[in-house]
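The values are calculated or read from the model by the stated rules, or taken from the named source; none is laboratory data. None of the values given here were measured: they were computed from a predicted structure. Here the Cβ is made from the backbone with ideal geometry for all residues, glycine too, and neighbour counts use every protein chain on show.
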Amino acid sequence: MYSINNLKPGVLIKLGGIPYLILEAKHLKMGRGGAILQTKLKNLMTGAILDKNFKGAEKVQPADVEQKIFQYLYNQQNSYFFMDSKTFEQISLDDKQIGNKKRFLKEGLSYDIFFFQGKPIDLELPIKIVFKVIKTEPAVKGNTVSSATKKATIETGFTLSVPLFVKEGDKIKVDTRSGQYLERAN
């Protein structure tokens, strides 16, 4: 059992038989009352976000969720196929389970997949991924006064804002949490 001191972002807990991932956790001390923990939780079965407060003495069960590394193979219609590199077992996640994360699925890259009661339920992306820019407009001379950006499309089809010096064929690092350009990659 976890006390509220163990509850931090990234920790998996079980509430009402459903696994949740803690996205945010903030400790608050009320005047005369005890401490509380304000959390933002993600339901790993449905993807819904829940705000929940825990009181100081409250105990929470750890989730019996298994995490395995799988390599992304391909997608076909609304299914995304992954393979365990050790056992060569293949699984698929549907569009609903993947959600907006499909913008950052790159063939051949490994991802963490969560399993609950033997079924795949969610996918965790690395924070930074390197992508190749496949389409962007050329920089316009005189447009470089301060922090000017332009649109670029990466190999997955996702479009984001990049600095003017980025050109087609460049490799860039993208923050998968926000979808923002971070830096040019080697």
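One line per residue, one yes/no per condition, for (1) under 18 Å from LYS42 (Cα atoms); (2) not assigned by TED's automatic domain parsing to the domain that holds ASN78; (3) not aromatic (Phe, Trp, Tyr):
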{"position": "GLU89", "(1), (2), (3)": "no, no, yes"}
{"position": "PHE104", "(1), (2), (3)": "no, no, no"}
{"position": "LYS135", "(1), (2), (3)": "no, yes, yes"}
{"position": "ALA148", "(1), (2), (3)": "no, yes, yes"}
{"position": "LYS151", "(1), (2), (3)": "no, yes, yes"}
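Hey, can you tell me all the residues within the range 170-183 that are touching a Lys or Arg at 6+ places or on another chain (Cβ under 7 Å) and farther than 22 Å from TYR80 by Cα?
ASP170, LYS171, ILE172, LYS173, LEU182, GLU183
Before we move on, is LYS68 in a strand (DSSP E or B) and either of a type in the set (Lys, Arg) or under 16 Å from LEU21 (Cα atoms) (or both)? I'd like the intermediate steps shown before the answer.
Working: in a strand (DSSP E or B): yes; either of a type in the set (Lys, Arg) or under 16 Å from LEU21 (Cα atoms) (or both): yes.
So LYS68 passes the test.
Take the range 3-29 and flag every residue that is among the basic types (Lys, Arg) and under 22 Å from the mean Cα position of the chain (by Cα).
If the condition is that a residue be among the basic types (Lys, Arg) and under 22 Å from the mean Cα position of the chain (by Cα), then LYS8, LYS14, LYS26 are the ones that fit.
For the range 104-120, name all the residues that are crowded, with 18+ Cβ neighbours inside 10 Å and not in a strand (DSSP E or B).
Those that are crowded, with 18+ Cβ neighbours inside 10 Å and not in a strand (DSSP E or B): PHE104, LEU105.
I need the full set of residues from the range 157-186 which are aromatic (Phe, Trp, Tyr) and out of contact with any helix residue (DSSP H, G or I) (no Cβ under 7 Å at 6 or more places or on another chain), in order please.
Residues satisfying the conditions are PHE165, TYR181.
Are any residues in the range 28-44 modelled with pLDDT under 90, loosely packed, with under 15 Cβ neighbours inside 10 Å and not basic (Lys, Arg), and if so, which ones?
LEU28, MET30, GLY31, GLY33, GLY34, ALA35
Those residues that are in a loop (DSSP other than H, G, I, E, B) and within 20 Å of the chain's Cα centre (by Cα), I need them from the range 47-63; list them, please.
Residues satisfying the conditions are GLY47, ALA48, ALA63.
Give all pairs with beta carbons closer than 6 Å in which a residue from the range 167-178 that is touching a residue at least 60 places away in the same chain (Cβ under 8 Å) meets a residue that is assigned to a loop (DSSP other than H, G, I, E, B); count only pairs at least 6 apart in sequence or on separate chains.
If the second residue must be assigned to a loop (DSSP other than H, G, I, E, B), the pairs left are THR176/LEU125.
Identify, please: which residue in the range 46-72 is hydrophobic (A, V, I, L, M, F, W, C) and exposed (fewer than 15 other Cβ atoms within 10 Å of the Cβ) and is, among those, nearest to GLN97 (Cα to Cα)? Steps first, answer last, please.
Just the residues of the range 46-72 that are hydrophobic (A, V, I, L, M, F, W, C), to begin with: 48-50, 54, 57, 60, 63, 65, 69-70.
Next, from what is left, pick out any that are exposed (fewer than 15 other Cβ atoms within 10 Å of the Cβ): 48-50, 57, 69.
Numbers: ALA48: 11, ILE49: 14, LEU50: 17, ALA57: 34, ILE69: 16 Å.
So, considering only residues that are hydrophobic (A, V, I, L, M, F, W, C) and exposed (fewer than 15 other Cβ atoms within 10 Å of the Cβ), the one nearest to GLN97 (Cα to Cα) is ALA48.
Inspect the range 63-77 for any residue being in the same structural domain as TYR111 (by TED's automatic domain parsing), free of Cβ contacts under 8 Å to residues at least 24 places away in the same chain and at negative phi and give the result as yes or no.
Yes, the range 63-77 contains at least one residue that is in the same structural domain as TYR111 (by TED's automatic domain parsing), free of Cβ contacts under 8 Å to residues at least 24 places away in the same chain and at negative phi.
Among (1) closer than 29 Å to LEU21 by Cα; (2) assigned to a strand (DSSP E or B); (3) over 13 Å from the mean Cα position of the chain (by Cα), where does PHE88 come up short?
(2)
Out of everything in the range 77-105 that is farther than 25 Å from ALA48 by Cα and not aromatic (Phe, Trp, Tyr), what residue ends up being modelled with the lowest pLDDT? Give the steps one after another, and end with the answer.
Filtering the range 77-105 for residues farther than 25 Å from ALA48 by Cα gives 83-90.
If we keep only those that are not aromatic (Phe, Trp, Tyr) too, we end up with 83-87, 89-90.
Numbers: MET83: 96, ASP84: 93, SER85: 88, LYS86: 91, THR87: 93, GLU89: 93, GLN90: 95.
This residue is SER85.
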